[in-house]
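All of the numbers you see were taken from the coordinates with simple rules; none came from a lab. Worth saying up front: this structure is predicted, and the values here are computed from it rather than measured. With ideal geometry, Cβ positions are generated from the backbone for all residues, glycine too; neighbour counts draw on all protein chains shown.
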Amino acid sequence: MRRTLFALLTSSLLVRAWLPDNAPSSASISAFANSGTSKIRGVNAGSQYILEPWMAADVWQNTLGCGEAQAERQCVETAYNGDMDAAGAAWQKHWDSWITQDDIRQMVAYGLNTIRIPVGFWMKEDLLNEYERFPRGGFNHLVKFCGWASDAGLYIIIDLHGLPGRQVANNAFTGDYQSTTGFYQSDYESGRAYEFLAWMTNQTHTNTAFRNVGTIEIANEPKREDSGDTQWLVQHYYGSAIDAIVQAEEVLGVADAGRLHIAVMDDLWGSGPSPSTALTIPQLSRLLYDDHNYQFGPIASAGNTPSAALTYTCADTVGQGNRVDAQTPKVVGEWALKLDMLAGQEVATEENRAFFESYFAAQMDMYERTRGWVYWSWKVQGSADFVDTLQWGYLNAVVAGVVDADLSAMLAKSPC
Ligand SMILES: *[C@@H]1O[C@H](CO)[C@@H](O)[C@H](O)[C@H]1NC(C)=O
């Protein structure tokens with residue numbers, strides 16, 4: 001009893017890392033003042049450094065010539081014959097054009113204040129083994145990209161999205177589409193992740209382009225199951241990954257006020273036991289919980305109608321639209337307008353537009369009951385129907401008039 005109370009007190013009092021409301025003087029997060037809120041309102045830089053073919057079919061086919069390849073590694077192997085420099089030269093065109101400095105300025109003009117940047121471990125090129133093939137040169141671009149985001153005053157979350165050995169099977173978001181996962185319970189693969197995280201931490205504190213990086217996320221969307229793999233993840237990997245970041249900061253003598261938050265997926269994601277049970281109080285004091293809430297599955301089960309979608313979203317029940325629980329600080333780091341009910345409809349009819357406005361506003365309202373939200377994703381290329389573009393692309397939805405460029409006006413439309 002005494003211990004529990006002590007743990008609660010210390011974990012709430014001794015937060016030793018920064019968030020936008022207590023930024024160190026080295027950072028310049030002017031986009032928060034511009035957005036008029038202390039809540040995180042952000043977008044993901046999806047497909048910038050780990051391309052998912054469904055988000056950018058034209059780039060995949062025409063800029064990169066990836067054909068039927070399912071993910072970046074497979075494209076470099078098949079379309080570039082394993083030549084990573086040639087692939088890097090081709091990818092450079094994509095990096096330079098997918099999300100540009102103008103896009104980043106546009107984010108701020110739309111009242112956004114945060115960007116989450118998914119990256120793969122292969123950005124640290126000396127980690128690649130003799131079998132792995134990925135485009136070379138991404139890190140140099142990331143430096144430039146974070147420089148733009150810092151100049152624009154955005155808070156930056158660097159997200160380790162593609163882990164060594166793959167954290168999920170058959171998914172392009174890891175950069176490596178294969179039917180097996182090699183990451184879990186492997187000292188070799190997790191060792192490469194720790195090296196990546198220590199290196200990235202050092203970069204964020206020594207290169208001014210990274211001055212607005214306030215969070216590093218150590219594993220995007222691991223397996224959603226309770227198994228030996230996820231028990232290892234929670235009981236072994238999380239603590240060691242946090243220690244790798246902390247040690248890199250100790251070497252540099254980073255003051256508490258300038259230390260990074262370390263993001264892990266929250267309990268609602270469902271990867272084995274809660275991270276809270278396996279970490280020490282100092283480790284817990286560094287966490288930012290990341291909640292990803294895609295509602296199309298449960299809303300389909302709940303009747304798949306507009307009113308079912310809004311009822312589900314506005315529900316107080318934790319785990320529906322309400323994401324607030326004991327895990328704080330928390331951000332809803334991925335969500336979208338995606339619903340199955342309007343699949344295949346070609347354009348935003350007025351009726352659909354009004355519904356999607358309410359649906360966006362409802363989610364925004366609910367997620368701002370945490371520290372805030374980061375939409376998936378900034379933009380999506382593809383056909384002009386709700387499924388491919390408007391429901392996943394923030395820019396697409398603003399251009400279509402579904403999301404208001406004035407986010408405070410948007411919030412006022414919440415039916416919750
Ligand atoms: C940290 O990064 C700087 C450059 O940003 C580099 O000079 C230094 O060697 C790095 N330190 C470690 C321990 O990697």
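Assorted remarks:
- Residue in segment 158-172 that is within 16 Å of the ligand (Cβ to nearest atom) and more than 23 Å from N44 (Cβ to Cβ) present: no
- Within segment 288-325, considering residues that are in contact with a strand residue (DSSP E or B) (Cβ under 8 Å, 6 or more places away or on another chain) and free of Cβ contacts under 8 Å to residues at least 40 places away in the same chain, the one nearest to C416 (Cα to Cα): A315
The rows are residues; the columns are (1) in contact with a helix residue (DSSP H, G or I) (Cβ under 9 Å, 6 or more places away or on another chain); (2) without any contact (Cβ under 8 Å) to a residue 60 or more places away in the chain; (3) farther than 26 Å from V332 by Cβ.
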| site | (1), (2), (3) |
| --- | --- |
| N212 | yes, no, no |
| T215 | no, no, no |
| P222 | yes, yes, no |
| D226 | no, yes, no |
| G239 | yes, yes, no |
| I242 | yes, yes, no |
| A248 | yes, yes, yes |
| L252 | yes, yes, yes |
| D256 | no, no, yes |
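- Flag for D102 being free of Cβ contacts under 8 Å to residues at least 24 places away in the same chain and either more than 23 Å from T174 (Cα to Cα) or surrounded by fewer than 17 Cβ atoms within 10 Å (Cβ to Cβ) (or both): yes
- Count of segment 246-267 residues which are farther than 21 Å from D21 by Cα, in contact with a Phe, Trp or Tyr (Cβ under 9 Å, 6 or more places away or on another chain) and among the hydrophobic types (A, V, I, L, M, F, W, C): 2
- Annotation: A309 fulfils all but one of (1) under 30 Å from A27 (Cβ atoms); (2) surrounded by 19 or more Cβ atoms within 10 Å (Cβ to Cβ); (3) among the hydrophobic types (A, V, I, L, M, F, W, C); the unmet one is (1).
- Looking only at segment 239-267, and only at residues there that are closer than 24 Å to A326 by Cα and touching a strand residue (DSSP E or B) at 6+ places or on another chain (Cβ under 7 Å), the one that is nearest to the ligand (Cβ to nearest atom): L260
- For beta carbons closer than 8 Å, sequence separation of 6+ or different chains, a first residue in segment 358-380 that is in contact (Cβ under 8 Å) with a residue 24 or more places away in the chain and among the aromatic types (F, W, Y) and a second that is part of a helix (DSSP H, G or I) and surrounded by fewer than 23 Cβ atoms within 10 Å (Cβ to Cβ), the qualifying pairs are Y359/P306; Y359/L310; F360/M410; W378/D103; W378/L395.
- Residues satisfying the stated conditions in segment 208-238, i.e. farther than 19 Å from P118 by Cα and within 16 Å of the ligand (Cβ to nearest atom): T208
- One residue stands out among those in segment 88-116 that are under 19 Å from the mean Cα position of the chain (by Cα) and of a type in the set (D, E, K, R): the one that is nearest to F32 (Cα to Cα), which is R116.
- Filter result for R192 (within 16 Å of the ligand (Cβ to nearest atom), over 19 Å from V374 (Cα atoms), crowded, with 16+ Cβ neighbours inside 10 Å and among the charged types (D, E, K, R)): yes
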